[in-house]
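Visitor: Mind looking over this structure? Questions follow.
The values are calculated or read from the model by the stated rules, or taken from the named source; none is laboratory data. This is a predicted model, so every value here is computed, not measured. Counting neighbours? That spans all protein chains shown, and the Cβs are built from the backbone with ideal geometry, glycine included.
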Amino acid sequence: MAELIEALSGRRARRAFDAREVPAEAQELLWRAVSVAPSHGNVQSVRLLVAESEPVRAGLVAALSEGNRNWAPAAPLLVALASMPTHEHAESYGEERALWSFHAGIAAGNLMAQATALGLVAHPMAGFNEEAVRRAFGAPGELRVLVVFAIGFPGAVESLPEDLQRREVREQRRLPLERLVATDSWGEQNAQPARDPSRSRREGGKLER
Ligand SMILES: Cc1cc2nc3c(=O)[nH]c(=O)nc-3n(C[C@H](O)[C@H](O)[C@H](O)COP(=O)(O)O)c2cc1C
């Protein structure tokens with residue numbers, strides 16, 4: 001039981017990739033990890049968009065934010081994780097629950113855990129143009145793309161631009177548990193954000209650090 005937390009903490013959003021391809025069997029395990037994720041009413045609204053051919057990959061790379069284009073193209077495998085809101089039984093709990101998005105989150109967690117267990121990096125990115133991702137795959141307008149994953153084996157830190165090298169070796173920073181967990185009553189310590197939200201607005205809405 002204790003080993004799972006070790007494996008989960010071993011996952012990092014690394015940006016340096018090795019050129020080695022992700023073997024087909026490993027890819028299948030990643031897709032299976034997504035396929036076993038639970039969903040409300042078993043609607044299974046999540047879909048994976050895998051960029052295999054060169055033109056589709058180029059379209060997906062072009063859809064990424066400039067910051068992500070600095071490193072993500074080195075990943076041998078780029079995959080978008082999406083969900084179909086129209087597949088949800090939203091009337092059960094109201095649309096504000098956005099369960100289609102929640103399902104994508106669970107699926108992403110499964111994918112990252114499986115990737116870590118395989119010695120792979122699966123770095124999620126929200127920095128992309130959603131319509132451009134849909135266009136690259138010929139996907140319908142109702143498909144909501146939540147993240148694009150850069151997947152591959154970890155590479156040499158030196159392969160990254162200097163500013164990214166520093167971030168690559170940075171310690172994992174997390175809230176102490178007493179700020180994360182509200183036991184019995186919500187406290188002042190629970191209300192404090194992990195990062196100053198106005199800072200990311202000042203940085204032009206970049207929330208990727
Ligand atoms: C939904 C989501 C979107 C993210 N988007 C980006 C992104 O666009 N670019 C990027 O470099 N990192 C992105 N990240 C990675 C986070 O910056 C990273 O997970 C966070 O700093 C914590 O670091 P760690 O995952 O190594 O613990 C994203 C992470 C998540 C979960």
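Visitor: When only residues in the range 156-170 that are aliphatic (A, V, I, L, M) and away from the ligand (no atom under 12 Å from the Cβ) count, which is farthest from Pro193 (Cα to Cα)?
Guide: So the first thing to find is which residues in the range 156-170 are aliphatic (A, V, I, L, M), and the list is 156-157, 160, 164, 169.
Filter once more, keeping what is away from the ligand (no atom under 12 Å from the Cβ): 156-157.
On the way: Ala156: 33, Val157: 30 Å.
Step by step, filter the range 156-170, then rank; the result is Ala156.
Visitor: Still on this structure, please answer the following. If you take the residues in the range 171-180 that are surrounded by 10 or more Cβ atoms within 10 Å (Cβ to Cβ) and outside any helix (DSSP H, G or I), which one is nearest to the ligand (Cβ to nearest atom)?
Guide: Arg174
Visitor: A follow-up question, please. Any residue at all in the range 2-19 that's farther than 17 Å from His123 by Cα, modelled with pLDDT of 95 or more and not charged (D, E, K, R)? Before you say what the answer is, go through the steps one by one.
Guide: Residues of the range 2-19 farther than 17 Å from His123 by Cα: 2-6.
Within this subset, residues satisfying the condition of being modelled with pLDDT of 95 or more are none.
Within the range 2-19, none of the residues are farther than 17 Å from His123 by Cα, modelled with pLDDT of 95 or more and not charged (D, E, K, R).
Visitor: Let me ask something else. From the list Gly127, Gly138, pick out the single residue that is at positive phi and either at pLDDT 95 or above or within 12 Å of the chain's Cα centre (by Cα) (or both). Working first, answer last.
Guide: Values: Gly127 fails: at positive phi.
None of the others qualify; the one that does is Gly138.
Visitor: For residues that are without any contact (Cβ under 8 Å) to a residue 60 or more places away in the chain and farther than 20 Å from Ala24 by Cα, scanning just the range 59-82, find the one that is farthest from the ligand (Cβ to nearest atom). Quick ask: steps written out before the conclusion?
Guide: Step one: filter the range 59-82 for residues without any contact (Cβ under 8 Å) to a residue 60 or more places away in the chain, giving 61, 66, 69, 73.
Filter once more, keeping what is farther than 20 Å from Ala24 by Cα: 61, 66, 69.
Values: Val61: 13, Glu66: 11, Arg69: 10 Å.
Step by step, filter the range 59-82, then rank; the result is Val61.
Visitor: Pairs under 8 Å by beta carbon, first residue more than 10 Å from the ligand (Cβ to nearest atom) in the range 139-155, partner of a type in the set (Ser, Thr, Tyr), six or more apart or different chains?
Guide: Glu142/Thr86; Leu143/Ser83; Arg144/Ser83; Arg144/Ser101
Visitor: What do you reckon, is Arg47 surrounded by fewer than 16 Cβ atoms within 10 Å (Cβ to Cβ), under 17 Å from the mean Cα position of the chain (by Cα), away from the ligand (no atom under 16 Å from the Cβ) and not hydrophobic (A, V, I, L, M, F, W, C)? Don't jump to the end; show me each part of the working.
Guide: Working: surrounded by fewer than 16 Cβ atoms within 10 Å (Cβ to Cβ): no; under 17 Å from the mean Cα position of the chain (by Cα): yes; away from the ligand (no atom under 16 Å from the Cβ): yes; not hydrophobic (A, V, I, L, M, F, W, C): yes.
When the stated conditions are applied, Arg47 does not pass them.
Visitor: Sticking with this one: Answer yes if at least one residue in the range 89-98 is in contact with an Asp or Glu (Cβ under 6 Å, 6 or more places away or on another chain), modelled with pLDDT under 95 and assigned to a helix (DSSP H, G or I), and no otherwise. Reasoning before the result, please.
Guide: Kept after step one, since they are in contact with an Asp or Glu (Cβ under 6 Å, 6 or more places away or on another chain), are these residues of the range 89-98: none.
Within the range 89-98, not a single residue is in contact with an Asp or Glu (Cβ under 6 Å, 6 or more places away or on another chain), modelled with pLDDT under 95 and assigned to a helix (DSSP H, G or I).
Visitor: Could you say which residue among Phe149, Phe128 is crowded, with 19+ Cβ neighbours inside 10 Å, more than 23 Å from Gln44 (Cα to Cα) and in contact with a strand residue (DSSP E or B) (Cβ under 8 Å, 6 or more places away or on another chain)?
Guide: Numbers: Phe149 fails: more than 23 Å from Gln44 (Cα to Cα).
Among Phe149, Phe128, only Phe128 is crowded, with 19+ Cβ neighbours inside 10 Å, more than 23 Å from Gln44 (Cα to Cα) and in contact with a strand residue (DSSP E or B) (Cβ under 8 Å, 6 or more places away or on another chain).
Visitor: Filter the range 108-119 down to the residues that are crowded, with 22+ Cβ neighbours inside 10 Å and either under 23 Å from Ser65 (Cα atoms) or among the basic types (Lys, Arg) (or both) and list them by number.
Guide: Initial filter on the range 108-119 (crowded, with 22+ Cβ neighbours inside 10 Å): 111-112, 115.
Hits for the range 108-119 are Leu111, Met112.
Visitor: Quickly run through the range 122-138 and pick out the residues that are within 11 Å of Leu60 (Cβ to Cβ) and either within 16 Å of the ligand (Cβ to nearest atom) or outside the structural domain of Arg69 (by TED's automatic domain parsing) (or both). Break it down into steps so the answer makes sense when it comes.
Guide: If we filter the range 122-138 for residues that are within 11 Å of Leu60 (Cβ to Cβ), which is where we start, we get 125, 128-129, 132-137.
Within the range 122-138, Met125, Phe128, Asn129, Ala132, Val133 qualify.
Visitor: Since Pro193 meets every condition but one in (1) within 13 Å of the ligand (Cβ to nearest atom); (2) in a loop (DSSP other than H, G, I, E, B), which condition does it not meet?
Guide: If we test Pro193 against (1) within 13 Å of the ligand (Cβ to nearest atom); (2) in a loop (DSSP other than H, G, I, E, B), just (1) comes out false.
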